[in-house]
Amino acid sequence: MPPRPAGRWKPWAALAVVLLLTAATLSPWAIGFDADAIARNWRNGADRIVRLFSPDWSFFPRTVEPMLETLQMAVVATVVGAAVALPVSMWAARPTNPDRWTRGAVRLVLNVVRAVPELLYAAVLVAMVGVGALPGVIALVLFNVGIIVKMVSETIDGSDRGPLEAGRAAGGTQTQINRTIALPDMLPSFVNQTLYVLELNVRASSVLGLVGAGGLGLLVDAVRTYYRYDQLSLIILEILVAVLVIDLVSSIVRRRLV
């Protein structure tokens, strides 16, 4: 008989560690998990869920303008964020920016940008520029730049460096190498992440209105205040349809461009 492969216990040990951490997290002294409270109050949530299944279709005309504003915010923020993220992605990646000091500074700034929730950005910007779509767009741009640069720069770091080394051996400058070799190679990943961020922006822009940053969030806050779950369910359906349509269009674009 051949010898049994070593290390077969490692996956089981990892699974045991995950289960132990999960059990410790669900303990009452960790996150306050209380099964008795769930048993007492589940009817409150069930009642709201039932009301969400009966949308108020007469409320639809009130949602058209906020929905259009939400889509406009998502598209503008995606375009501006992608335009900013394209060069920054190269500054944050090791193959396209060999200078570790500038690369480290860019990554540090982006880590700070990603650490702050977009809802907090929107709340601060609303206080600075007033209620409306503009603070929401700026908050989404910051959110988009953080995500796109993170994903695209990691793709560049994991790509084959042979063509870049060949460009350096041929005497090309770093700018020439980035423009002629790195840019075409990173475009598929860049397009994928940009389309993904567009989907995220539709959902995020509908939440930013809760702090006065325009879009459907203002309407969501209004109907939530009056416990109009039938109207809230209609808004949720509209967001769902918009996300599904964007996902369909994104899939078509990916097949054609990537």
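The values are calculated or read from the model by the stated rules, or taken from the named source; none is laboratory data. Every value quoted in this text rests on a predicted model; they were computed, and no experiment measured them. No Cβ is skipped: glycine too gets one built from the backbone with ideal geometry, and neighbour counts run over all protein chains shown. To get the accessible areas, we keep the full protein, side chains included, count just its heavy atoms, and leave off ligands, DNA and RNA. Shrake-Rupley method; radii C 1.70, N 1.55, O 1.52, S 1.80 Å.
Loop-located trypsin sites (Lys or Arg not before Pro) across the stretch 106-153 with a Cβ neighbour count of 15 or fewer within 10 Å are lacking, with loop assigned by DSSP. Excluding ligands, DNA and RNA, the accessible surface per residue across the stretch 163-258 is 51 Å² with a 1.4 Å probe. Each other residue within a Cβ distance under 14 Å of residue 144 adds +1 if Lys or Arg and -1 if Asp or Glu, for a net charge of +1.
About its Cα centre, the chain has a charge dipole of approximately 780 debye under the convention of +1 per Lys or Arg Cβ and -1 per Asp or Glu Cβ, with nothing else charged. Axis angle, to the nearest 10 degrees, between helix 60-91 and the longest C-alpha principal axis of the chain: 20 degrees.
Restricting the chymotrypsin sites (Phe, Trp or Tyr not before Pro) of the stretch 182-240 to loop positions (DSSP other than H, G, I, E, B) with no more than 13 neighbouring Cβ atoms within 10 Å leaves 226, 227. Solvent-accessible area assigned to carbon and sulfur over the chain amounts to 69 percent, based on a 1.4 Å probe. With helices as the sole contributors, the chain gives -26000 deg cm²/dmol at 222 nm; each DSSP H run of n ≥ 4 counts as -39500 (n - 2.57), and the sum is divided by every residue.
Go through [x] 23.8, 76; [y] 17.8, 53; [z] 19.5, 62 and flag the label whose value is the computed Rg and Dmax of the Cα atoms in Å for this structure. Read-out taken from this structure: [x]. Connecting C-alpha atoms closer than 10 Å in a GNM of the chain, tell me which of 170, 115, 82 has the biggest fluctuation. Top of the fluctuation ranking is 170.
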